[in-house]
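The values are calculated or read from the model by the stated rules, or taken from the named source; none is laboratory data. Note that the structure is a prediction, hence the values are computed from the model and not measured. Cβ atoms come from the backbone with ideal geometry, glycine included; neighbour counts cover every protein chain shown. Side chains included, ligands, DNA and RNA excluded: accessible areas come from the protein's heavy atoms. Shrake-Rupley method; radii C 1.70, N 1.55, O 1.52, S 1.80 Å.
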Amino acid sequence: MHLRQASGSEQLTANGQTQPQAVRWMPSYGQRGNTLLMVMIFCMAIGMVLAGTLRLIANRYAMSMRSSSWNQAIPVLEAGVEEAMTHMRDDANPTDNGWTASVISGSTVYQKKRTFPDGSYFNTTIYSPSSNTPSIIAQGYVPMPMKANQYVARTVLVETTNPPNVFTKAIATIGTITFNGSNPSADSYDSAVGAYDAVTNHGSLGNLATDSTNKPAVDLGGGTVNGSVTTGPGGTITGGTITGGTNNNMNVSFPSNYPPGNASSFMNMPNPGLLTILGITGYNLSSGSYQAANFSSSGAPLIINGNVTLYVSGSFDIAGQGYIEIKKGASLTLYVGGNL
């Protein structure tokens, strides 16, 4: 190391010789500058490494949060799909329950937006809801992390089917299905062709389904099902003949059934109520709401000539030659408190 003399002096001793004093040496100004520069460069290097590490951590955090938002957008848009399908199934008017009509490319569509407490929302559009193949476009929006008023969005197109035949299940229930009597059957037919005929006019849509997991969940006895039979997981099927397939994947949430809230204001069902209209003697009901303690028909049919609601607090029994006929344009909503 090159040093320079900072300061020094000599001292005369008793014998006349000189005694050197202590000498202090200091680095040169150039060396002190080089050391400071090296320290600064080293600190800058450490700072750059730290800044890069923090930036990398921040980017990874942002990517993780964005990925989370990207995944969260799926249940949001799924809520939009479910709302659209519920709307098409349950609402008589396409603009019920907050749905609005718009025109896109010359076609009328129905749209709805729903916002959730966390700021996410969906926009759902239904195309051709009255056709046999309605389409649903659902868009889910989730707030983008660390960016105000920006969203992560995902979109799905759902192609649905709306079969023209109203029958998907002849019987669907949460409990055990048991066939009794002589040669019972579940069948279907096309009323546009004419009356039911076991040979010339019947189909394969007499399907049965239950959520029951009992063993058996379905007991057909000596009966026949011209269709499929489905039980809940683990449920079994005994007896009878099934022309279609079987499965045990039924898992449907049925709403709770209660008597109509205004049943006390219903008219009493005419008793005996037998009328002859167009040559057919039966229990004819025109539009209105009716109630009865029990109902049983083994010969005369129950004929529905309008939009009818019928609440039977006890049992409802159709046997022998009895049947229910719902005239064209009419409808029947039936509540039964006892055995059906």
How many of the residues making up region 324-340 are part of a loop (DSSP other than H, G, I, E, B) and either of a type in the set (D, E, K, R) or loosely packed, with under 15 Cβ neighbours inside 10 Å (or both)? 6
Can you tell me which of (1) in contact with a helix residue (DSSP H, G or I) (Cβ under 7 Å, 6 or more places away or on another chain); (2) at positive phi is the one residue 329 doesn't meet? (1)
Complete set of residues in region 178-203 that are modelled with pLDDT of 85 or more, farther than 20 Å from residue 320 by Cα and of a type in the set (Ser, Thr, Tyr): 200
For region 190-207, does any single residue satisfy the condition of being open to solvent by less than 70 Å² (accessible area, probe 1.4 Å), at positive phi and in contact with a Pro (Cβ under 9 Å, 6 or more places away or on another chain)? no
In the list 28, 64, 7, 69, which residue meets the criterion of being small (Gly, Ala, Ser), touching a strand residue (DSSP E or B) at 6+ places or on another chain (Cβ under 7 Å) and modelled with pLDDT of 70 or more? 69
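Taking the stated definitions as given, is residue 108 modelled with pLDDT of 80 or more and of a type in the set (Ser, Thr, Tyr)?
It is true that residue 108 is modelled with pLDDT of 80 or more and of a type in the set (Ser, Thr, Tyr).
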Near pairs, Cβ below 8 angstrom, 6+ apart or cross-chain, from region 74-99 (under 13 Å from residue 134 (Cβ atoms)) to any residue that is surrounded by fewer than 11 Cβ atoms within 10 Å (Cβ to Cβ): 94/101; 94/130
Going by what's in this entry, would residue 255 be described as closer than 19 Å to residue 174 by Cα, open to solvent by 70 Å² or more (accessible area, probe 1.4 Å) and without any contact (Cβ under 8 Å) to a residue 40 or more places away in the chain? yes
Need the failing condition index for residue 152 against (1) out of contact with any Lys or Arg (no Cβ under 8 Å at 6 or more places or on another chain); (2) open to solvent by less than 60 Å² (accessible area, probe 1.4 Å); (3) part of a strand (DSSP E or B), just the number. (1)
Residue within region 228-236 that is in a strand (DSSP E or B) and either open to solvent by less than 30 Å² (accessible area, probe 1.4 Å) or in contact (Cβ under 8 Å) with a residue 40 or more places away in the chain (or both) present: yes
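Where in region 45-145 are the strands (runs of 3 or more DSSP E), entirely inside, with at least 2 residues that are under 19 Å from the mean Cα position of the chain (by Cα)?
By residue number, 107-115, 121-127, 135-143.
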When you check residue 315 against the structure, is it open to solvent by 40 Å² or more (accessible area, probe 1.4 Å) and either in contact with a strand residue (DSSP E or B) (Cβ under 6 Å, 6 or more places away or on another chain) or under 28 Å from residue 192 (Cβ atoms) (or both), yes or no? no
Top-ranked residue of region 108-122 - restricted to ones that are farther than 12 Å from residue 143 by Cα and among the hydroxyl-bearing types (Ser, Thr, Tyr), ranked as surrounded by the fewest Cβ atoms within 10 Å (Cβ to Cβ): 108
Evaluate region 158-165: report whether one residue or more is loosely packed, with under 11 Cβ neighbours inside 10 Å, of a type in the set (Val, Ile, Thr) and closer than 30 Å to residue 86 by Cα. yes
Identify, from the list 245, 299, 221, the residue that is on the phi > 0 side of the Ramachandran plot, touching a residue at least 12 places away in the same chain (Cβ under 8 Å) and exposed (fewer than 15 other Cβ atoms within 10 Å of the Cβ). 221
